[in-house]
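J.: Input: one structure, supplied below.
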Amino acid sequence: MSAVNLLGLDLDSLAAYCEQLGEKRFRATQLFRWIHQKGASDFAQMSDLAKSLRDKLAGRAHISALPVITEQVSADGTIKWLFDVGQGNAVEAVYIPEDDRATLCISSQAGCAVGCRFCSTGHQGFSRNLETWEIVAQLWWAEHSLRKRLGATQRIISNIVMMGMGEPLQNYGALVPALRIFLDDHGYGLSRRRVTVSTSGVVPMIDRLREDVPVALAVSLHAPNDALRDQLVPLNRKYPIAELLASCVHYLDKAPRDFITFEYCMLDGVNDTLEHAQELVALLRGKVPCKLNLIPFNPFPASGLVRSSRERVSAFADVLLRAGLVTTVRKTRGDDIDAACGQLAGEVQDRTRVHQRLLRPVVVVQAGSS
């Protein structure tokens, strides 16, 4: 039997594992704290664990980070790590420091099968889901390596966004234990308000997340009607906007925040007209408590798309704000190291032939079309 990487076990699973070794639950809590709060990877360091337990663990388990292929530091302080996940695949995580918070953007898959037209990851295709330990290892490495680098003894990372490579809700089985580790007071102790899952709209899994681990929710909307969203976010053909918004309203019953964040990538001549903005107002105002996050598109050669001008983004935002919708324009961070939103690509052995599927051009759909 291969040794288990304890980074992938939430506290309940770790307690069950310790029971298999003939140990009581409080030993699992001690072990959990050593791993996640102190960043220990050597059982010999865990001085308050019985030597007999340390000996058992040394022969059966390990605590191992993902190998770091590269680290890039942006002029604005953003850091991007490329992690090796084996078989020719690599994923990226991004650390974004700000005055009032420090956010880590974490990947959930090697590549992505959704294939959104404006996303570099989607153009690369999909290889596989990450295991729970591979998701958690991104935070474990970032948090504890940054503490050493900055000489800090307290927690560095205050916010997590599952907004890196992949669609988190299509890797639900691995995602949920990872979220529980992030939230556990014996682990990273993050508030549910400070952990965000970003989804392109996997409606059944939104409903499950509401019951299992209702953290903050961000939804990649990007269009005010089904005809346009079908082209930009292919998953819309399976879960159209009306069904998605109904699921979002239901999610708010248990969400830690009283609004849903809708992400809207601004694409020149595609979804950024004043008519599109007015259609978005009609779609959302008074129907879904929400915040609109307008994202400047980060171009990459294969997309065939262009970033909306600042003037167009400002005019679009003005329509939303005048209608009473809370709206922000995302500040681009880390674009000099390709770490901005939609730019994460890693290295993926595509098994889905995504390049063939993405050769079709985007057809501009006028506002009001259906």
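FYI, it's all coordinate maths here, none of it is from the lab. The structure presented is a predicted model; accordingly, all values stated were derived computationally and were not measured. Positions of Cβ are generated from backbone atoms using ideal geometry, with glycine treated the same way; all protein chains shown enter the neighbour counts.
J.: In whole Hz, what ³J(HN,Hα) sequence does the range 285-294 give by Karplus (6.51, -1.76, 1.60; θ = phi - 60°), x for Gly and Pro?
T.: Ordered by residue, 3J(HN,Hα) equals 4, x, 10, 9, x, 7, 10, 9, 10, 7 Hz.
J.: Now, a different point. Check which residues have an amide H placed less than 5 Å from Gly164's amide H, if you skip close sequence neighbours.
T.: Amide H to amide H, under 5 Å and 5 or more residues apart or across chains, Gly164 pairs with Ile106, Ser107, Ser108.
J.: Shifting gears a bit: Please pull out the direction-averaged projected area of the chain, using the convex hull of its alpha-carbon atoms, in nm² to one decimal place.
T.: Details: hull surface 74.2 nm².
Here the figure is 18.6 nm², rounded to one decimal.
J.: Rounded to the nearest 20 Debye, what is the dipole magnitude of the range 68-357 about its Cα centre when Lys and Arg each give +1 and Asp and Glu each give -1 at the C-beta? Mind showing how you got there, number by number?
T.: Values: 32 positive and 33 negative charges, 61 e Å.
Charge dipole, the range 68-357, about its Cα centre: 300 debye, nearest 20.
J.: Average the reciprocal distances over every distinct pair of alpha-carbons in the range 171-310, invert the result, and give the Kirkwood radius in Å. Mind showing how you got there, number by number?
T.: Values: mean 1/r = 0.0622 Å⁻¹.
So the Kirkwood estimate lands at 16.1 Å.
J.: With θ set to phi - 60° and the Karplus curve 6.51 cos²θ - 1.76 cosθ + 1.60, what are the ³J(HN,Hα) couplings of the range 40-51 in order, to the nearest whole Hz, using x for Gly and Pro?
T.: Karplus values, whole Hz, x for Gly and Pro: 6, 10, 10, 4, 5, 6, 7, 5, 8, 8, 4, 4.
J.: Would you list which lysines come within 29 Å of Lys51, measuring only between C-alpha atoms, while excluding same-chain residues fewer than 8 positions from it?
T.: Lys24, Lys38, Lys148
J.: Positive end of the dipole of the chain, charges at C-beta (+1 Lys, Arg; -1 Asp, Glu), about the Cα centre: which of Thr261, Gln72, Gly187 has its Cα farthest in that direction?
T.: Positive-most Cα among the choices belongs to Gly187.
J.: Around Ser247, under 10 Å between beta carbons, what's the net of Lys plus Arg minus Asp minus Glu among the other residues?
T.: Working: positive: Arg210; negative: Asp207, Glu243.
For residues surrounding Ser247, the net value is -1.
J.: Convert each backbone phi in the range 264-275 into a coupling constant with the Karplus relation 6.51 cos²θ - 1.76 cosθ + 1.60 (shift: θ = phi - 60°), then list the ³J(HN,Hα) values in order as whole Hz, x for Gly and Pro.
T.: 9, 7, 7, 10, 4, x, 10, 9, 10, 7, 5, 5
J.: Place a +1 charge on the Cβ of each Lys and Arg in the range 4-62 and a -1 charge on the Cβ of each Asp and Glu, then give the dipole magnitude about the Cα centre in debye, rounded to the nearest 20. Write down the numbers at each step before the final one.
T.: On the way: 9 positive and 7 negative charges, 30 e Å.
Once rounded to the nearest 20, the dipole reads 140 debye.
J.: Which ordering of Cys290, Cys265 is given by a fewest-first count of other beta-carbon atoms within 10 Å? Mind dumping the intermediate values first?
T.: On the way: Cys290 21, Cys265 29.
Placing the least packed residue first, the sequence is Cys290, Cys265.
J.: Helix 172-183 versus the longest principal axis of the chain: what angle, 0 to 90°, nearest 10, using Cα atoms?
T.: Once rounded, the angle reads 70 degrees.
J.: Right, another one. State the answer as a single residue: which of Asn5, Leu53, Gln37 lies farthest towards the positive end of the charge dipole of the range 4-62, with beta carbon charges of +1 for Lys and Arg and -1 for Asp and Glu, about the Cα centre.
T.: Leu53
J.: Roughly how many debye, to the nearest 20, is the charge dipole of the range 203-254 about its Cα centre, given +1 on each Lys and Arg Cβ, -1 on each Asp and Glu Cβ, and no other charges?
T.: Values: 6 positive and 7 negative charges, 21 e Å.
So the magnitude is around 100 debye.
J.: Could I ask something else about it? Taking every DSSP beta bridge with both residues inside the range 68-357, roughly what % is antiparallel (nearest 5)? Kindly include the intermediate steps, with their values, before the conclusion.
T.: On the way: 21 of 45 bridges.
Of those bridges, close to 45 percent are antiparallel.
J.: State whether the range 4-62 is rounded, prolate or oblate according to the following rule on the C-alpha gyration tensor (a ≥ b ≥ c being the square roots of its eigenvalues): a/c under 1.5 gives rounded; otherwise a/b larger than b/c gives prolate, and the remaining case gives oblate. Let's see the in-between values first.
T.: Working: a/c = 1.27, a/b = 1.05, b/c = 1.20.
It is rounded, given that a/c, with a ≥ b ≥ c, falls under 1.5.
J.: Separate question: List the residues whose amide H sits under 5 Å from the amide H of Gly189, counting only those 5 or more places along or on another chain, with H placed 1.01 Å from N in the peptide plane.
T.: Asp184
J.: Another question, then. Using amide H atoms built 1.01 Å from N in the peptide plane, name the residues 5+ places from Gly201, or on other chains, whose amide H lies under 5 Å from its own.
T.: Amide H to amide H, under 5 Å and 5 or more residues apart or across chains, Gly201 pairs with Ser220.
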